[in-house]
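Before any comments, here is the structure.
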Amino acid sequence: MSTALDLAALLLAQATTAAPAAPGVAQQGAGALPAAANTVQQAAAALPAPAPVAPDMGIMHFIAQADGVGKTLFIILLLMSVISWYLIVVKSVNNVLVRKRSRDFLNKFWNASSLDQVESEIATHGARDPFSHLASHAMHARAHHAKYGATKLEEIGSNGEFVTRTMRKVIDEETAKLENGLTVLASVGSTAPFVGLFGTVWGVYHALVGIGLADGVTINRIAGPVGESLIMTGLGLAVAIPAVLAYNMFVRNNRVFLSRLDAYAHDLFAFLTTGQQVALSDGKVRALRRSAGASQANARGSE
């Protein structure tokens, strides 16, 4: 359109410039003006019409139209999603490392020749997994009670009872570590859909208010609030589903891992208190050789 206007202005300027040259030429130029104007109109009509710009109907467009309540709900859902994904990633990596270290320690424990070698291994590499942590505390409790006896109320009882209480305390601590963060995942999974549902109800309410205040019902008046409500529903589900799946996965993995730890605690307790062979679930028999000093100390403690 601007090109056609520029062409018309150029023809008019040429005609005006040529007018003073001669009266006959001026008359011819004046007669040519209508034809030039018609040509300009035809050229303008032949130009393609500009394509209409499509409005931005993305998620952020509807969020920007929301009021303070809608934006607050969006921020809450966003924070829930960030926290849940952080816990999912951190706990997944931690569980992989713990299980790998546990396998390595159990392999070294059952292949050790004596408890002294196991204690040396733990002192060298540290108790970096629940199994080594349990073994370290159990061996220390047995040696402490056999050497000093019951000096406090929590140490009253036989050597076996004191070792049992110590091992149970360690298992409870490891259980608390494994379950850390699961409450948050459960809370996000159970509340995120309702937060999204509240946003849906709020968006539908705004749509109804807009319809009631308008003289006529138009799609433009209800598209924004309805789109906002649908987005809130989808965000609530998108936040809740990963949290629920991750929670169920972690609970199952922890249950299997703690059952293995409890079975190991029974085997370790049987060896520490009796020194007898330990029958494993696969039918094999494993036993560690205790040092003479440890055997005598355990006998004195039992007496």
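Here H140 sits with roughly 130 square angstrom of accessible surface, probe radius 1.4 Å.
When all protein chains stay in place and ligands, DNA and RNA are ignored, the 1.4 Å accessible-area order of L230, L97, L185, L87, largest first, is L230, L97, L87, L185.
Across the protein chains, with a 1.4 Å probe defining accessible surface, the residues S259, S92, S102 rank S259, S92, S102 from largest area downward. For the set Y247, Y205, Y264, solvent exposure ranked by accessible area (probe 1.4 Å, protein chains only) runs largest to smallest as Y205, Y247, Y264.
The values are calculated or read from the model by the stated rules, or taken from the named source; none is laboratory data. This one's a predicted model, so the numbers in the text were calculated from it and none came from an experiment. Please note that ligands, DNA and RNA were not included when accessible areas were found on the heavy atoms of the full protein model with its side chains. Shrake-Rupley method; radii C 1.70, N 1.55, O 1.52, S 1.80 Å.
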